[in-house]
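What follows is a set of notes on a single structure, which appears directly below.
The values are calculated or read from the model by the stated rules, or taken from the named source; none is laboratory data. All values derive from a computational prediction rather than experimental measurement. Here Cβ is always computed from backbone atoms with ideal geometry, including for glycine, and neighbour counts include all displayed protein chains.
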Amino acid sequence: MRDSKKDNDGTAKSLFLAALMIGSVMVGVLFSDIESERGNLAPIIESDFPDSILIGTVDTLEISLEDEDMSSLDIEITLDGNILNIQPNATGIIIIDISEILVGTHALKMVVVDSLGQESRLSTTFTIHYPYEDPTVMIVDTNEVNIVRGDSATINGTLIHPNLETCDMRWSDGDVNDFTLNLPFSEGGKFSWGPSEIESNVTISIIATCGTWEDSSDIETVLVVVSEPIQGCTDSEANNYDNTATEDDGSCEYGEENL
């Protein structure tokens, strides 16, 4: 009887030890899986390129991508909504060609998903621009010219721009948006011009447009105020010469010495 009890106790101990060992193995596997999942982080996206780019100075943009399993990544890149079929090189660098992109603001987006479904995103904008160019400036001597009805008006001014050969000047005496008449200017930007035989008040609008890379414009308006002629003797040699008269009315009187 004693030997049988001892055998049963030994068997129980063996079964307990076996169960303990199996349990330890299962727990170890479980913790190993948890640690493995904890170690597999979402992809890392890094980029370092300027927000503003002078056209022709930068041909490519670089994005760095890191992950525990690069081969399993699902990568989607769009530039201005267009899908780019680009994959990272052996060091995880993605090179985007922008050499053919025109001036303007552009949107770059990137979505990366790893084997566990973890997602990382990049969304940024950058601007490609022309070199800085001074704006068009136009200066007129005065914005109001006073004349007598029937006379001509003279408008003097100066056009200022670093590249005057790119400039065009036009004028209008009607719709400010309808500049159809050319206005000449000198090599130094000087202009002197005006309509003739004006019978009533009129607003002259002048527009100058210049630009090597991008056009810029300046507009000036000149009000021509017409007054009625003043009747009187306009001959300074006459006895009754009137220096305020603008139109001779035939009333001039002369002394014997002026006959």
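A few notes on this one:
- Failed item in (1) out of contact with any Lys or Arg (no Cβ under 8 Å at 6 or more places or on another chain); (2) surrounded by 17 or more Cβ atoms within 10 Å (Cβ to Cβ); (3) over 18 Å from residue 60 (Cβ atoms); (4) without any contact (Cβ under 8 Å) to a residue 40 or more places away in the chain, with residue 94 passing the rest: (3)
- Residues that are touching an Asp or Glu at 6+ places or on another chain (Cβ under 8 Å) and part of a strand (DSSP E or B), drawn from the stretch 201-223: 202, 203, 204, 205, 206, 207, 208, 209, 210, 216, 222, 223
- Residues of the stretch 183-203 that are under 23 Å from residue 160 (Cα atoms) and modelled with pLDDT of 90 or more: 183, 184, 185, 186, 187, 188, 189, 190, 191, 192, 203.
- Elements of type strands (runs of 3 or more DSSP E) contained in the stretch 47-144, each with 3 or more residues being at pLDDT below 95, touching a Gly at 6+ places or on another chain (Cβ under 8 Å) and assigned by TED's automatic domain parsing to the domain that holds residue 204: none
- Qualifying residues in the stretch 161-214 (those that are over 16 Å from residue 140 (Cα atoms) and touching a residue at least 60 places away in the same chain (Cβ under 8 Å)) - the one surrounded by the most Cβ atoms within 10 Å (Cβ to Cβ): 210
- Every pair of residues 6+ apart whose Cβ atoms lie under 6 Å, when the first sits in the stretch 220-240 and is more than 28 Å from residue 200 (Cβ to Cβ) and not assigned by TED's automatic domain parsing to the domain that holds residue 207 while the second is in a loop (DSSP other than H, G, I, E, B) and small (Gly, Ala, Ser): 239/255
- Condition met for residue 198 (of a type outside the set (Lys, Arg) and not in a loop (DSSP other than H, G, I, E, B)): no
- Single residue of 229, 184 found to be under 30 Å from residue 131 (Cβ atoms) and part of a loop (DSSP other than H, G, I, E, B): 184
- Among the residues of the stretch 190-201, some residue qualifies, meaning at least one is farther than 18 Å from residue 224 by Cα and over 30 Å from the mean Cα position of the chain (by Cα).
So that you can scan it fast, the table gives a plain yes or no per residue for (1) loosely packed, with under 15 Cβ neighbours inside 10 Å; (2) aliphatic (A, V, I, L, M); (3) without any contact (Cβ under 8 Å) to a residue 12 or more places away in the chain:
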{"position": "67", "(1), (2), (3)": "no, no, no"}
{"position": "75", "(1), (2), (3)": "no, yes, no"}
{"position": "81", "(1), (2), (3)": "yes, no, no"}
{"position": "86", "(1), (2), (3)": "no, yes, yes"}
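- The single condition from (1) surrounded by 15 or more Cβ atoms within 10 Å (Cβ to Cβ); (2) acidic (Asp, Glu); (3) touching a strand residue (DSSP E or B) at 6+ places or on another chain (Cβ under 7 Å) that residue 248 fails is (3).
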